Amino acid sequence: MKLDEIFTLRTVRKKILFVSKLAGILLILSYILSTKLEIDTDVSFAIWFVFVIAIVLVVDFLMGHFISRPVSKLNQTARKMAKLDFSAPCTITANDEFGQLAASLNTMADNLQQALAELGAANEQLEKDVEQERRLLAERKELVDNLSHEMKTPLGIIRAYAEGLQDETDEAKKQKYSAIIIAETERMGNLITTLLDLSALETGVCPLAPERFDFVEFLETVAGRLLIDTPDANYILQYELPEHSAYVDADKARMEQVLDNLLVNAKKNVRPGGILKLSLTEQTGVLHFSIYNQGPVIPQEDLTKIWTKFYRDGNSKYSGSGLGLAIVAQILSMQKLEYGVKNLSDGVQFYFSIPTIELKTPK
């Protein structure tokens, strides 16, 4: 052991020994001094008594400084930590056992606080996972119920007409029954294909493939195919389109799905002879698309539900699968595009916005 370690007060034991020896030495010195003085015995005793009191006070101060106050601070810190309060660390900075114990308590407090924070984060994540699992189970049950309901009708029709074919002798009726069976089979196939497509989008199996294209020309082509070049159109078509090109960076095939679903939905729900208005305007680098159909409005409480799978408004004449708007919402959400629906005075308007890009001209 080094000499500096022997003669330094780095342990509580050394401090106690130092204080006790110092008190003893002072007590002996005070007694010797008081007896050697050539004064009255009573006065000499009084002086010695004063010395003793002073020594006791010094010893009490030193013992309080070295022992009592550190123990009190450690006790207070330990009580707070027992209540999981780690806001006030122990402030003992001595180099003895009390200082080491204080440092250990502070380290333990930091580790416990970190462990509690990690445990809280783990519990929060666990709650989210449990809630997500519960939601997935509920969605799965709802999906199965809805799919079963959707399948019952075409399956029932197919069975009825298939049984009719067995006993039917009229060739014209056989052809009719066969056509109905084929149509219902195609309806079931389309439903399953659409559902698988939506599932692939939701799970990320089908990533987007963005490309640059002229959205105005693109919309004119899709709208012309669905709204103009149709012999059974029983509505007044109004449209507002920019007179110049406007380029966007998006998944062209998926955006065609969006437009197909929105335009077909509006076309199916416009009242006979009603107005169907297509609008595309540009403002500060953003294209604003909307399609309005004059007809029955959607109940206010159902406006947020129409984007969910298999939802169909009771007022709607659209007899589809109820998946079209869910696909629209999924594709637009994946591209972080704003979209929505609102009731107007005598109809419904669907809309979304998409930012434009500038094409770099070659030098």
### Task
Pull up the range 81-98, narrow it to residues that are assigned to a helix (DSSP H, G or I) and crowded, with 16+ Cβ neighbours inside 10 Å, then point me to the one that is modelled with the lowest pLDDT.
Phe98
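Starting from residues that are of a type in the set (A, V, I, L, M, F, W, C) and either open to solvent by 10 Å² or more (accessible area, probe 1.4 Å) or modelled with pLDDT under 90 (or both), keep the ones in the range 253-269 and report whichever is nearest to Gln330 (Cα to Cα). Can you show your working first?
Let us first name the residues in the range 253-269 that are of a type in the set (A, V, I, L, M, F, W, C), namely 253, 255, 258-259, 262-264, 266.
Still in the list and also either open to solvent by 10 Å² or more (accessible area, probe 1.4 Å) or modelled with pLDDT under 90 (or both): 253, 264.
Working: Ala253: 14, Val264: 18 Å.
Here the residue is Ala253.
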## Note on the structure
Note on Lys173: of the conditions (1) over 38 Å from the mean Cα position of the chain (by Cα); (2) open to solvent by less than 90 Å² (accessible area, probe 1.4 Å), unmet is (2)
### Where a residue in the range 322-338 is within 15 Å of Ser290 (Cβ to Cβ) and assigned to a loop (DSSP other than H, G, I, E, B) and its partner, wherever it lies, is open to solvent by 20 Å² or more (accessible area, probe 1.4 Å) and modelled with pLDDT of 90 or more, with Cβ under 8 Å and at least six apart
Leu337/Ser353; Glu338/Ser353
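Assess whether Val286 counts as being crowded, with 18+ Cβ neighbours inside 10 Å, touching a strand residue (DSSP E or B) at 6+ places or on another chain (Cβ under 6 Å) and aliphatic (A, V, I, L, M).
no
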## Note on the structure
The condition from (1) modelled with pLDDT of 80 or more; (2) surrounded by 17 or more Cβ atoms within 10 Å (Cβ to Cβ); (3) out of contact with any Leu (no Cβ under 9 Å at 6 or more places or on another chain) that Thr304 misses is numbered (2)
## Note on the structure
When Leu116 is run through (1) at pLDDT 75 or above; (2) touching a Cys at 6+ places or on another chain (Cβ under 7 Å); (3) not basic (Lys, Arg), the failure sits at (2)
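The values are calculated or read from the model by the stated rules, or taken from the named source; none is laboratory data. The structure presented is a predicted model; accordingly, all values stated were derived computationally and were not measured. Backbone-built Cβ (ideal geometry, glycine too); neighbour counts: all protein chains shown. These accessible areas exclude ligands, DNA and RNA; they are computed on the full protein's heavy atoms, side chains included. Shrake-Rupley method; radii C 1.70, N 1.55, O 1.52, S 1.80 Å.
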